[in-house]
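The next block holds one structure in the form of structure tokens; read it before the comments.
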Amino acid sequence: MSKAGRLHGRRAVVTGAGSGIGAAIARGYAAAGAHVLVADLNLDTAQGLVAEITAAEGVALAHQVDVSQQDSVDALFTYADEQLGGVDVLVNAAGVLRRQPFLDTDEESWDLVLRVNSLGPLLCTQAAAKRFIAQGDETRGAGKIVNICSTSSRQPTGDFTAYAASKAALLSLTQSTAKGLAPHGITVNGIGPGIVDTPLWRADALTLQDRTLEDYAAKIPLGRVSLPEDLVPTAVFLACEDSDYMTGQLLMVDGGMVMV
Ligand SMILES: NC(=O)c1ccc[n+]([C@@H]2O[C@H](COP(=O)([O-])OP(=O)(O)OC[C@H]3O[C@@H](n4cnc5c(N)ncnc54)[C@H](O)[C@@H]3O)[C@@H](O)[C@H]2O)c1
């Protein structure tokens, strides 16, 4: 692992890192020299990724978390304190998607999606920010939060009512957190993926079986759906000192789907 890595020695908690976008970011952070806590509801996939990162001479640990539960989040960050000695970067990537036409959107889906996608980042950000402030470590920087938002944060569609609301809330949370934590030098930014080929998209978005990934790709200006790896350079940028004068921003990495 290169000592010249842009995240050398930074301690990163990545939620949802057992799969898809979170896993790609965890891999990318480890390759850039970070010590990564791979946090996921699914401990098996988290442990599998840790084995892969360790085999590539990276540093990673796994921990199970349900980001929508305060006790579980507290336990995750206590583990980070014990095993990594603190936290410098948090990536909120854990998320769920329910594709439901607007009139079918039900209370159970609404509660689940809003709890995981919006409340989860709030709880994790509070836990991380308290540590950033207490650490006050000038050699490591003040602390970085990266929220995985969505094109739905800016442009909702009728088939993803709860999801779009959760991602609009996450964008608002990104901006209010950025303002609230700016006096501490902590930066908080979002990444807006479009359609990324992950289990989440395949399992949930395509459940109605009326559209294929190719159908979606045809509507993307750059002509293809995203791979999780497309998001990694931006995630590294937002976690290192190159982005120190940026906060409260949403960077769209969506092949040109949303231009505002
Ligand atoms: N795939 C896309 O097209 C797309 C587009 C825009 C934004 N996103 C967002 O990117 C993020 C990652 O999505 P993905 O596509 O990689 O999905 P994914 O299903 O591949 O990965 C999501 C991970 O989150 C974990 N998770 C779910 N609920 C959790 C909980 N309560 N606590 C902890 N972990 C939990 C899952 O176990 C899974 O490992 C999500 O926030 C999603 O909304 C995805």
Taking the stated definitions as given, is residue 60 buried (at least 24 other Cβ atoms within 10 Å of the Cβ) and either of a type in the set (Gly, Ala, Ser) or at pLDDT below 95 (or both)? yes
Scan the stretch 19-31 and give yes if some residue there is touching a residue at least 12 places away in the same chain (Cβ under 8 Å) and not in a helix (DSSP H, G or I), otherwise no. yes
Within the stretch 159-198, the residues that are of a type in the set (Lys, Arg) and within 19 Å of residue 256 (Cβ to Cβ) are 167
The number of residues in the stretch 204-222 that are assigned to a loop (DSSP other than H, G, I, E, B), loosely packed, with under 15 Cβ neighbours inside 10 Å and modelled with pLDDT under 95 is 8
Any residue that is surrounded by fewer than 19 Cβ atoms within 10 Å (Cβ to Cβ), farther than 21 Å from residue 10 by Cβ and free of Cβ contacts under 8 Å to residues at least 60 places away in the same chain - is there at least one of those in the stretch 124-139? no
Exactly one condition in (1) among the hydroxyl-bearing types (Ser, Thr, Tyr); (2) modelled with pLDDT under 95; (3) assigned to a loop (DSSP other than H, G, I, E, B) is not met by residue 245; state its number. (2)
Could you run through the stretch 7-37 and say how many residues are over 22 Å from residue 226 (Cα atoms) and in contact with a Gly (Cβ under 8 Å, 6 or more places away or on another chain)? 9
Residue 178 is checked against (1) modelled with pLDDT under 90; (2) in contact with a Ser or Thr (Cβ under 9 Å, 6 or more places away or on another chain); (3) more than 12 Å from the ligand (Cβ to nearest atom) and fails just one. What number does that condition carry? (1)
Has the stretch 83-90 got at least one residue that is among the charged types (D, E, K, R) and either within 16 Å of residue 41 (Cβ to Cβ) or at pLDDT 95 or above (or both)? yes
Determine if the stretch 24-31 includes at least one residue that is surrounded by fewer than 21 Cβ atoms within 10 Å (Cβ to Cβ), away from the ligand (no atom under 13 Å from the Cβ) and more than 22 Å from residue 196 (Cα to Cα). no
Residues (within 15 Å of the chain's Cα centre (by Cα) and either more than 16 Å from the ligand (Cβ to nearest atom) or more than 20 Å from residue 258 (Cβ to Cβ) (or both)) located in the stretch 127-158: 128, 144, 145
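The values are calculated or read from the model by the stated rules, or taken from the named source; none is laboratory data. The structure displayed is predicted, hence computed values, not measured ones. All Cβ positions, glycine included, derive from the backbone under ideal geometry; neighbour counts span all protein chains shown.
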